[in-house]
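Enquirer: Let me give you the structure first, and then I'll get to my questions.
The values are calculated or read from the model by the stated rules, or taken from the named source; none is laboratory data. The model shown is predicted, which means the values in this text are computed figures rather than measured ones. Reconstructed Cβ throughout: ideal geometry from the backbone, glycine too, with neighbour counts over all protein chains shown.
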Amino acid sequence: MTRLDQRKTKLSFETQSTIFEQGEHRAVIVECHPKYALLRLKGKRKGYSISWDAMVRVAARLEKP
């Protein structure tokens, strides 16, 4: 597996999750960068960045009973 900082091409994918916004269901797009991930809705330019360590902390907090 190639590390993100060593990739020559951009890694992005469309999830099966959809969010209803402005009258239609939009898929969530994830763009992976070496230090963060960019999350946006398909067809929208506005994105939200979150660092990888913040993702792990949020997931661990959600997992706690």
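Enquirer: Does Thr2 count as surrounded by 10 or more Cβ atoms within 10 Å (Cβ to Cβ) and β-branched (Val, Ile, Thr)?
Expert: Considered against the rule, which asks whether it is surrounded by 10 or more Cβ atoms within 10 Å (Cβ to Cβ) and β-branched (Val, Ile, Thr), Thr2 comes out as no.
Enquirer: Which of the residues belonging to the range 18-44 are small (Gly, Ala, Ser) and either at pLDDT 95 or above or in contact with a Ser or Thr (Cβ under 6 Å, 6 or more places away or on another chain) (or both)?
Expert: Ala27, Ala37
Enquirer: Same structure again: Identify all residues within the range 13-44 that are within 28 Å of Met1 (Cβ to Cβ) and not in a strand (DSSP E or B); write none if there are none.
Expert: His33, Pro34, Lys35, Lys42
Enquirer: Checking Asp5 against (1) in contact (Cβ under 8 Å) with a residue 24 or more places away in the chain; (2) assigned to a strand (DSSP E or B); (3) of a type in the set (D, E, K, R), which test does it fail?
Expert: The one condition Asp5 does not meet is (2).
Enquirer: Please go through the range 47-65 and pick out each residue that is exposed (fewer than 12 other Cβ atoms within 10 Å of the Cβ) and either modelled with pLDDT of 95 or more or outside any loop (DSSP other than H, G, I, E, B) (or both).
Expert: Tyr48, Asp53, Val56, Arg57, Val58, Ala59, Ala60, Arg61, Leu62, Glu63
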